[in-house]
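The block underneath contains the structure these notes are about, expressed in structure tokens.
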Amino acid sequence: MATLDPVTRRLRRLFAVLDSDEDGFVTWSDHRRVVEAYASAYGLPMDEPRIQALERAYWAQWLGLLTQSVPGLERLDQDAFVAAHRAVGYDSDRPEILENLAAAVFRIMDTKGDKRVSGDEFAAYLAVWGISVDEGAQVFTYLDLDRDAYVSQREIARSLRAFHLHNDDLNTPGGIFLGVY
């Protein structure tokens, strides 16, 4: 059996997280459940502008995946999901998909509105995915690339790009923004 590269292994873990009903497929409904998890964890209604921005970002990502799959499919099995993610062109053709997702996640996490996510705000975020504060402390350290004790929108975007594109680390911290930990 061939060893899979880190990106493929991370995308397979993402598939498993999104396929919460365990039917072997990922659909738009599975992505929407992620948005609903954010809304619930932060006590925000689905029509709140930050949640709507997150939903639009996930919708754009979903449409990007569909454009890279078999025409007419509205659900992707694991192999199609991984192949579509790898084909979207997050690094060249469609970098705005991850940038918009990072911006939407950041706006929700930045509850103080000071254009940065503190350790306390990050700890509150961990509840979205059921991750303990102790487990998240190390992730926060990895995300804080400039070591200023805050996570910026730019750092979130870089971590999402690393999750989707870099073969150097299986446990890149960007997965935390997608439910992969």
From largest accessible area down, sort Leu63, Leu11; use a 1.4 Å probe on the protein chains.
Leu63, Leu11
Normalised radius of gyration for region 93-146, please: alpha carbon Rg relative to 2.2 N^0.38 Å, two decimal places.
1.21
How far, in nm, would the chain grow between Arg9 and Ala123 when pulled straight, counting 0.36 nm per residue and subtracting the alpha carbon separation?
38.4 nm
Sorted by accessible area (1.4 Å probe), largest first, how do Glu74, Glu55, Glu121, Glu96 line up?
Glu74, Glu96, Glu55, Glu121
So how do Trp62, Trp28 rank on accessible area, 1.4 Å probe, biggest first, that is with the largest at the start?
Trp28, Trp62
Quick calc: nm separation of the 7 Å Cα→Cβ label points for Thr141 and Lys115 -> 2.9 nm
Treating every alpha carbon of the chain as one equal point scatterer without solvent, the Debye formula yields log10 I(q)/I(0) values at q = 0.08, 0.09, 0.16, 0.19 Å⁻¹ of -0.23, -0.29, -0.98, -1.41
Starting from 0.36 nm per residue, how many nanometres of slack lie between Ser40 and Ala103 once their C-alpha separation is accounted for?
20.8 nm
Dipole in debye (nearest 20) - region 99-161, about Cα centre, beta carbon charges: Lys, Arg +1; Asp, Glu -1
260 debye
With +1 assigned to the C-beta of every Lys and Arg and -1 to the C-beta of every Asp and Glu, and no other charges, what is the dipole magnitude of region 17-156 about the Cα centre in debye, to the nearest 20?
400 debye
With everything on Cα atoms, drop me the angle between helix 153-165 and the longest principal axis of the chain, reported from 0 to 90° to the nearest 10.
30 degrees
Percent of Cα pairs exceeding the 14 Å cut-off, where the set is region 1-48
61 percent
Lys and Arg at +1, Asp and Glu at -1: add these up for the other residues within a Cβ distance under 9 Å of Ala104 and post the number.
+2
Sort 45-52, 75-82 by packing, meaning the average of other beta carbons within 10 Å per residue, with the highest value first.
75-82, 45-52
Using a 7 Å offset from Cα along Cα-Cβ at Glu96, what residues in region 51-89 end up with backbone N under 16 Å from the label point?
53-54, 56-65, 89
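The values are calculated or read from the model by the stated rules, or taken from the named source; none is laboratory data. Please read these numbers as outputs of a predicted model, since none were measured by experiment. Note: ideal-geometry Cβ built from the backbone for every residue, glycine included; neighbour counts use all protein chains shown. When the accessible area is computed, the model is the full protein with side chains, heavy atoms only, and any ligands, DNA or RNA have been set aside. Shrake-Rupley method; radii C 1.70, N 1.55, O 1.52, S 1.80 Å.
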